[in-house]
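Contents: one structure, followed by commentary.
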Amino acid sequence: MNKVNWDEILKNIFLKENLESLRELIATSTDFTMDVFIQNENNQIFWLKNEDPSFFKGIFLTSTDEFLNDLRVKESNKVDEYETVIDDRSFLYLKDVKENVSDIGDIVEIIREGKYIKNYSNKDLETIKKFKLIVKLYSNELNDFLLGIQYLTASKIFKDKRILALTARKIQPLKEQFYLIPKNSFDYMVVGDTVLIRNLTYFERDFGFYKKYEEAKDEVIEEIKKKGNLFGKDIKLKSIDYFSEKIKNKPLYLKRFYKVIKKGNYKKFEFSKVKEIIDDFNLKVKLDEGNKCIDLGEETSIKDFLQLYDELYYRSELSGNRMVASENSPYQE
């Protein structure tokens, strides 16, 4: 690999130009080595013998091409950031992976420190029902590595008892072998301290992010209760326990509420301005004007309330049209 701009690639891998540079480095490199691992349900990592590094190099190239093709289709120069999206999306990035995704951070450290298992029997592997295939592409010149990660099930493994070969016109089993059928691309690529995410839904499922949203929701709701149900400068919430139960186990609602919490703009909201938006957009949000209160009971649409607090409704300064930011189109009655 050519060391030119490697620090910039690591820092801003989500930029199209840096993805293109990374692809060129992978494609033209002659000094790389490839190690292959699998991680079981107990997070043990096993090293596998690999006799075809070019095969896995091809998966890195395909994975990078998928991100670049997505940018070309969207006519964008930057991969979308994980924190900015709510709905099911593909091709995203998340920085500070060690802090934000401890499971991936642990994988990086185990492989970096060589704490994986090299001595084992095939029986140790044959019990695995679902596992992560992890590929490490290491550059001797850069003294650094990339990781590609994909999830595989037992159906993607040919154990020695299933493998047959035509030898001397007879079907005979191949012994002492462990065969994998990898997917064409990685579910995740780790470049420096950034993870490139191929599919949002799988990512949040695989790394327990919905649990994170649920826990954050519970903490904030307890805090709201301690402050007299205040959720804004002068706005009180009613039926907050009903709301909490309503969004429980609903990923999109939980993530929207998490986004509202993290952004924190709700602390500046005033009842009069919130009421104006509710009236202007005919939102299904029940108000108790006398007590400056939003009732989150059955008569309120949770979706309307969450999008209201996520500041998705506004009036265009140029056209005067009412807009819904998430749809980027004029609001329809």
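List of remarks:
- Projecting the Cα atoms of I181, I111, L25 onto the dipole axis of region 6-207, where Lys and Arg carry +1 and Asp and Glu carry -1 at the beta carbon, places I181 farthest toward the positive end.
- Alpha-carbon centroids, region 227-280 and region 46-112: separation in whole Å: 33
- Spatially proximal lysines relative to K284 (Cα-Cα < 19 Å; intrachain offsets below 8 disregarded): K236, K238, K246, K273, K275, K292, K303
- Vicinal HN-Hα couplings computed from phi for region 137-142 (Karplus, 6.51 cos²θ - 1.76 cosθ + 1.60; Hz; Gly/Pro x): 9, 10, 9, 5, 5, 7
- Scattering curve values for region 230-333, log₁₀ I(q)/I(0), Debye with Cα scatterers, q = 0.17 Å⁻¹: -0.80
- Report note on the peptides 75-85, 298-308: ranked by the mean count of other C-beta atoms within 10 Å, highest first, their order is 298-308, 75-85.
- Take 124-137, 20-33, 310-323 and order them by the average number of nearby Cβ atoms within 10 Å per residue, most first; the result is 124-137, 20-33, 310-323.
- Ellipsoid semi-axes in whole angstrom, largest first, where each is sqrt(5λ) of the Cα gyration tensor of the chain: 48, 24, 18
- Using a probe of 1.4 angstrom and keeping all protein chains present, the accessible surface of the chain works out to 54 square angstrom per residue.
- Within the accessible area of the chain (1.4 Å probe), percent carbon and sulfur: 45
The values are calculated or read from the model by the stated rules, or taken from the named source; none is laboratory data. Quantities reported herein were computed from a predicted structural model and do not represent experimental measurements. Please note: Cβ atoms are built from the backbone with ideal geometry, for glycine as well, and neighbour counts cover all protein chains shown. These area figures cover heavy atoms from the full protein model, side chains too; ligands, DNA and RNA do not enter into them. Shrake-Rupley method; radii C 1.70, N 1.55, O 1.52, S 1.80 Å.
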